[in-house]
Amino acid sequence: MSKVIKEFSRFAHQYNQHNEIQVQVAKTLVSKLSEKTYGSILDLGCGSGAVVKNLQEMNCTYTTLTALDSSQAMLDIHPYSEKITKVCGDFNSVNFIEALPQTQYDLLLSSSALQWSTDLDRTFSLLANLSQNAYFAIFTSGTFKTLHEVARVNSPIYSAESIEESMEKYYGEVNFALHTYTLAFDSVREMFRYIKKSGVSAGEKKLGFKETKHLMESYPLDHLEFEVLFVEAKNM
Ligand SMILES: C[S@@+](CC[C@H](N)C(=O)[O-])C[C@H]1O[C@@H](n2cnc3c(N)ncnc32)[C@H](O)[C@@H]1O
């Protein structure tokens, strides 16, 4: 099991209380959809179902929805209906497509998950073959920007530019919008607890006790920063 999958599974039951930003992101993503009715939808990294819940709230209908996640614990808390098929699969594995109930979709959606792609080119080339129509929201390296600067670690996730560059190779028409968010905390301790439980890693380099203590003492902001790239992609 990868580190990311383990993290998400460990906190699956608490996830809904620690995902304020992801909740806003999923809402914005679904509000960008150009149609109210779709045929088949694939939700990549569906988690506990923020996308499906927003589709329902915004009266967007679909014939079928495949909810894909690599964490069974997340799938267990994802809503279920006759139209929904849950698939436990890893979008980083080349053969995850074989586990899907269909090989073509009318629409791909993914909110707050594709930052965990281990190879952007491979991911987008696979996804572009699955559907001609996609809306993605992807966390980018501006997330926890100041925290990473103070800790002198590199962001473990991709920059907006590298995602844009990769997507342009596989889609004919792409529109990007970069959104920033902040989340305020009463104490640095609470901020660190949030990072741990939100499933968004603080950096690849493991900080030791001393380094973490230093980081907590020298972090200059009362909030965390988030940066999310919204993409609408088409292949016609
Ligand atoms: C931050 S959550 C977002 C969940 C949901 N889409 C939302 O908007 O609330 C990221 C989800 O992606 C899943 N995930 C991470 N890496 C994945 C992978 N390689 N394949 C499939 N799912 C993955 C995690 O298990 C987690 O449920």
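Here, each number is a calculation from the coordinates, and none is a lab measurement. Note that the structure is a prediction, hence the values are computed from the model and not measured. Note that each Cβ is placed from the backbone with ideal geometry, even for glycine, and that neighbours are counted across all protein chains shown.
I'd like the antiparallel share, as a percent to the nearest 5, of DSSP beta bridges with both residues in region 78-236.
80
How much length, in nm to one decimal, is gained on full extension between residue 222 and residue 169, taken as 0.36 nm per residue of separation minus their Cα-Cα distance?
Numbers: separation 53, 0.36 × 53 = 19.08 nm, distance 3.91 nm.
15.2 nm is the gain from fully extending residue 222 to residue 169.
Let me know the charge dipole size of the chain about its Cα centre in debye, to the nearest 20, where only the beta-carbon of Lys, Arg (+1) and Asp, Glu (-1) is charged. Intermediate results must be reported in sequence, preceding the final value.
Numbers: 22 positive and 28 negative charges, 140 e Å.
Dipole size: approximately 680 debye.
Assign one of three labels to region 83-136, namely rounded, prolate or oblate, based on the Cα gyration tensor with a ≥ b ≥ c the square roots of its eigenvalues; rounded applies when a/c is under 1.5, prolate when it is not and a/b is larger than b/c, and oblate otherwise. Judged from the Cα gyration tensor, region 83-136 comes out rounded (a/c under 1.5).
Between residue 94 and residue 130, the modelled label-to-label distance comes to 1.7 nm, taking each label 7 Å out from Cα in the direction of the beta carbon. Highest mobility in the GNM of the chain, judged by mean-square fluctuation with C-alpha springs under 10 Å and restricted to 99, 26, 73, is found for 99. Under 1.5 on a/c is rounded, so check that first for the chain, then, if it is not, pick prolate when a/b is larger than b/c and oblate when it is not; a ≥ b ≥ c are the square roots of the alpha carbon gyration tensor eigenvalues. Cα axes put the chain in the prolate bin. Which entries in 53/145; 53/86; 53/83 show an alpha-carbon gap greater than 22 Å? In this structure, 53/145 exceed 22 Å between Cα atoms.
Checking the a/c ratio against 1.5 first, then a/b against b/c, what shape does the Cα gyration tensor give for region 111-177?
Numbers: a/c = 2.54, a/b = 2.26, b/c = 1.13.
The shape class here is prolate.
Backbone phi angles across region 38-52, fed through the Karplus curve with coefficients 6.51, -1.76 and 1.60 (θ = phi - 60°), yield HN-Hα couplings of 10, x, 9, 10, 10, 9, 8, x, 5, x, 8, x, 4, 5, 4 Hz in residue order; Gly and Pro are listed as x. Springs between Cα atoms under 10 Å define the GNM used for the chain, and in it the highest mean-square fluctuation of 145, 36, 197 occurs at 36.
Charged neighbours of residue 225, selected by a Cβ distance under 15 Å, balance to -3 (K, R count +1; D, E count -1). Equivalent-ellipsoid semi-axes for region 28-168 (Cα gyration tensor, √(5λ), whole Å, largest first): 26, 17, 16. The separation of region 31-57 from region 79-119, counted between C-alpha centres, amounts to 13 Å.
Just rank 85, 143, 123, fewest to most, by other beta-carbon atoms within 10 angstrom. If you can, show how the numbers build up before the last one.
Details: 85 15, 143 23, 123 20.
Lowest to highest Cβ neighbour count: 85, 123, 143.
If you run the Gaussian network model on the chain, springs between alpha carbon atoms under 10 Å, then out of 68, 183, 127 the most flexible one is 183.
All other residues with a Cβ under 15 Å from the Cβ of residue 102 taken together, and with Lys, Arg as +1 and Asp, Glu as -1, what is their net charge?
After counting each charged neighbour, the total is -1.
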